1. Conditions: (1) under 14 Å from Ser412 (Cβ atoms); (2) touching a Leu at 6+ places or on another chain (Cβ under 7 Å). Ser316 meets all but one. Number of the miss?
2. Quick one: in region 397-408, of everything that is in a helix (DSSP H, G or I) and under 16 Å from the mean Cα position of the chain (by Cα), which residue is nearest to Ala372 (Cα to Cα)?
3. Applying the selection to region 461-479, what residues are surrounded by 13 or more Cβ atoms within 10 Å (Cβ to Cβ) and farther than 16 Å from Val160 by Cβ?
4. In the set Ser439, Ser422, Ser450, Ser412, which member is of a type in the set (S, T, N, Q), under 30 Å from Thr498 (Cβ atoms) and modelled with pLDDT under 85?
5. Restricting to region 451-487, name every residue that is among the charged types (D, E, K, R) and out of contact with any Asp or Glu (no Cβ under 9 Å at 6 or more places or on another chain).
6. Working carefully through the options Arg263, Arg252, find the one that is in a loop (DSSP other than H, G, I, E, B), farther than 26 Å from Gly333 by Cβ and in the same structural domain as Ala220 (by TED's automatic domain parsing).
7. Consider Leu374 against the criteria (1) closer than 20 Å to Ile246 by Cα; (2) crowded, with 23+ Cβ neighbours inside 10 Å; (3) modelled with pLDDT of 90 or more: it satisfies all of them except one. Which criterion is unmet?
Amino acid sequence: MEIVIPIIAAVVGVAAGAGGIFAYNKSKENGGKDKADDLVRKAKREASDIVLAAKKEAAAVTEKNQREENERRREWKKTENRLAERETTLDAKLDQLEKKSDKLNKETREIEDLKNEIKDIRTKQHEKLEKIAGLSKADARDKLMKMTEHDIRQDLVGLVAKEQRETQHDVDEAAQAMLLTAMERMSSEVTADRTVTALKLPDDDMKGRIIGKEGRNIQALQRATGVDVMVDDTPGMVVLSSFDPIRRQVARYALERLMKDGRINPASIEAAVAKAEKEIEKEVVRAGEDAVREVGIVGIPRELVHLLGELKFRTSYGQNVLLHSIEMAHVAGMIAEEIGADKRIAKTAALMHDMGKAVTHKIEGKHADIGAELAKKYGMPDEVVHAIAAHHNDIEPTTPEAIIVKICDAMSAARPGARNISAENFAERMKDLENIATSFPGIDKAYAISAGREIRVIVEPKQIDDLSALKLARDIANKIEATMSYPGVIKVNVIRETRAVEYAK
């Protein structure tokens, strides 16, 4: 912009001069020569002044640009100098790094040489020691290990025994407090009602009416109910035999109604059986709904509620299965609340854990597997299905709720009066306990005591030391858990006795 202004001024001066000349020529034509000359002179002066001013301004602009150019060149020179200095510094540092790297490599090689030399010296020392001692390195190590083991064996035995006592004490105390808290809040009858499968006859004449002419009545009753009716096996009693508890109850209800009415014939038998079936169905539904309501669980499908109701007429070792399940659900909920587990999952699984027993006469398999399949079929949560399947250790319980159900099942079944176990089964279990203990080497004698709640094992002191006795107790307990089914807990007591006898003569 500063260069353009002088140029414009020069152009304006030239134009003014040209205008003056044009005016002069025009005046000359009109006869005003003097006046035209004045105009020309004036135009020339103005043009000269404008050109001079433009030259001065152009010179000033050129000088300013020259100064700026020189300033930029000085800055560029300084930058080049700084870059050159930095390049020189970097070259020096690279040289130092190369020297350090060479030094480190040299020192590394020297260290490797020293290591190899030390290894050679150590190998020669080992060879000399082995030659002097007459033992190889492996033999010396084994001998040292045996000496060390012998020295610290007693200390290890004492330490392990102490830790076991302290741990067991803490665990037992916490478990007892938790279980007692749950049991104190749950009150139930010591013995549960047992399903009656035998009816007492009022007189011998009633036996004849039940049998009927040529056995028509008893055959009609058996056809209608699917139950075997035996009137001659037990004097004064009618015994009903069936694997289906619902059929057995239908037969009992129908037979009680027939004996009360006194009129027994095929037609009245069919009518009595039909009424009994309706009553049993209502009772099953009511029992299932009452159980769910008492436990406080919602959202269980009606099919599963019906199966729960059927458990009212099912017993296990004399214990009513439905009452057993309700009791378990209450205790499971309390324990789950104490330990922070899912209370609803624990109560639901505990209530439904024996559901498979309602259909074991129809479906082959273990009741735990059947119950788990039914729960899965009707859309119960996976945690409930797993707890049902694992409550008898058929599979390993992996959730807190499954372990709670397993504990509650053992606790409910083991309480006094809960179940009737025959003397034959009891003797067989005691014998199995003793056989498991004596199957291990180094056992002198084994006794099952305290009604099968404890196994006392006496070992040979020369074959089993104190540390091995601890391991033996664990091994026997693990084998009992893996091979036997039992309620509660069995204590394994391993006894090692050492006697020193001498005679004074």
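1. Unmet for Ser316, out of (1) under 14 Å from Ser412 (Cβ atoms); (2) touching a Leu at 6+ places or on another chain (Cβ under 7 Å): (2).
2. Looking at residues that are in a helix (DSSP H, G or I) and under 16 Å from the mean Cα position of the chain (by Cα), I get Ala402.
3. Within region 461-479, Pro461, Ile476, Lys479 qualify.
4. Values: Ser439 fails: modelled with pLDDT under 85; Ser422 fails: under 30 Å from Thr498 (Cβ atoms); Ser412 fails: under 30 Å from Thr498 (Cβ atoms).
Result of the check over Ser439, Ser422, Ser450, Ser412: Ser450.
5. Within region 451-487, the subset among the charged types (D, E, K, R) is 453-454, 456, 460, 462, 465-466, 471, 474-475, 479, 481.
Of everything in region 451-487, those that are among the charged types (D, E, K, R) and out of contact with any Asp or Glu (no Cβ under 9 Å at 6 or more places or on another chain) turn out to be Arg453, Glu454, Arg456, Lys462, Asp465, Asp466, Lys471, Arg474, Asp475, Lys479, Glu481.
6. Working: Arg252 fails: in a loop (DSSP other than H, G, I, E, B).
Selected residue: Arg263, the only one of Arg263, Arg252 that is in a loop (DSSP other than H, G, I, E, B), farther than 26 Å from Gly333 by Cβ and in the same structural domain as Ala220 (by TED's automatic domain parsing).
7. Condition (2) is where Leu374 drops out.
Results for (1) outside the structural domain of Ile403 (by TED's automatic domain parsing); (2) more than 16 Å from Thr348 (Cα to Cα); (3) not aliphatic (A, V, I, L, M), shown as yes or no for each residue.
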site	(1), (2), (3)
Val273	no, yes, no
Ile280	no, yes, no
Glu289	no, no, yes
Arg293	no, no, yes
Ile297	no, no, no
His306	no, no, yes
Ala332	no, no, no
Ala336	no, no, no
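The values are calculated or read from the model by the stated rules, or taken from the named source; none is laboratory data. Computed from a predicted structure; not experimentally measured. Cβ coordinates were reconstructed from backbone atoms using ideal geometry, including for glycine residues, and neighbour counts include every protein chain displayed.
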